[in-house]
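Structure record follows, encoded as structure tokens.
The values are calculated or read from the model by the stated rules, or taken from the named source; none is laboratory data. All of these numbers come straight from a predicted model, not from anything done at the bench. Virtual Cβ from ideal backbone geometry, glycine too; neighbours counted across all protein chains shown.
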Amino acid sequence: MDNLLLKYMNERITHTTRKVVEPGPVITISRECGCSASQIADKLTNRINEKINNPELNWRWVNKEILKIAGDELKIHQDEVQKIADGVEKNFLAEIAHSFTDKYYVTSAKAKKMIEEVVRNLAVRGKAVIVGRGSEILSIGIARSLHIRLFAPIDWKVKAMRERNNISTLDAQKVVAQIDKQRSAFRDSFIEKDQPDFTYDIEFNCARLSQEEIIDITIKLAENRSLFS
């Protein structure tokens, strides 16, 4: 685990509100199923660091590490946090029963709140590329930010998942539908009442653009917003 996350885990989480002044910079990547956001985030971060050419100012990208941090704070395994992020929640009676029998039982609401705090703090600390986890919603109000979304036609996503996982077309269709639904619901769960509609700064069609083209455009936009200075 890189130094950014080690430092984060060695410190207590500060409760950061969504009203902040001059935090960041941060780039968030929202993605549909099959759009290889982690690959793009990794390549993007490497390109940013090459451009900055100063190890003390290096950027980092995070995705599943957010679940690891949240799980450690809550004293539960990150897989349990993942289930909550995927919308696999226990019913009300199950929550009551576990609250009495499990010393470290965590409600869905508490786990989501912890994920929110982790994502928010990483965004505020800055020099981060955050993949998913509702990061675009949770970093609303951060002036030095760029929010991108990766999407593709359904047939392209199904083909990508079929080839990547060596599964049938029917199974790939089910996977794409389920994952896209889960991600959308999880993101929307962070939208506050009366919050203005969120719009991405730019959306990329992964069926039409290569990863390098997406990265080139993203870096140019980030430079125009002075995210690297």
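Any residue at all in the range 145-152 that's surrounded by 14 or more Cβ atoms within 10 Å (Cβ to Cβ), in contact with a strand residue (DSSP E or B) (Cβ under 9 Å, 6 or more places away or on another chain), assigned to a strand (DSSP E or B) and of a type in the set (D, E, K, R)?
yes
Suppose we keep only residues that are of a type in the set (D, E, K, R), farther than 12 Å from S108 by Cα and under 15 Å from the mean Cα position of the chain (by Cα) within the range 64-86. Which one would you say is surrounded by the fewest Cβ atoms within 10 Å (Cβ to Cβ)?
For the range 64-86, the residue satisfying everything is K64.
Among what's in the range 59-104 and is among the aromatic types (F, W, Y) and part of a loop (DSSP other than H, G, I, E, B), pick the residue that is modelled with the lowest pLDDT.
My answer is Y104.
Please work out which one of (1) touching a residue at least 12 places away in the same chain (Cβ under 8 Å); (2) on the phi < 0 side of the Ramachandran plot; (3) out of contact with any Phe, Trp or Tyr (no Cβ under 8 Å at 6 or more places or on another chain) is the condition N165 fails and give its number.
Condition (1) is where N165 drops out.
For the range 178-220, how many residues are aliphatic (A, V, I, L, M) and in contact with a strand residue (DSSP E or B) (Cβ under 6 Å, 6 or more places away or on another chain)?
So the count comes out to 2.
Of everything in the range 185-229, what is farther than 14 Å from I48 by Cα and of a type in the set (D, E)? Give them in sequence order.
Across the range 185-229, the qualifying residues are D188, E192, D194, D197, D201, E203, E213.
Can you find a residue that is surrounded by fewer than 22 Cβ atoms within 10 Å (Cβ to Cβ) and either in contact with a Cys (Cβ under 7 Å, 6 or more places away or on another chain) or closer than 19 Å to I40 by Cα (or both) anywhere in the range 129-138?
The answer is no, given that none of the residues of the range 129-138 is surrounded by fewer than 22 Cβ atoms within 10 Å (Cβ to Cβ) and either in contact with a Cys (Cβ under 7 Å, 6 or more places away or on another chain) or closer than 19 Å to I40 by Cα (or both).
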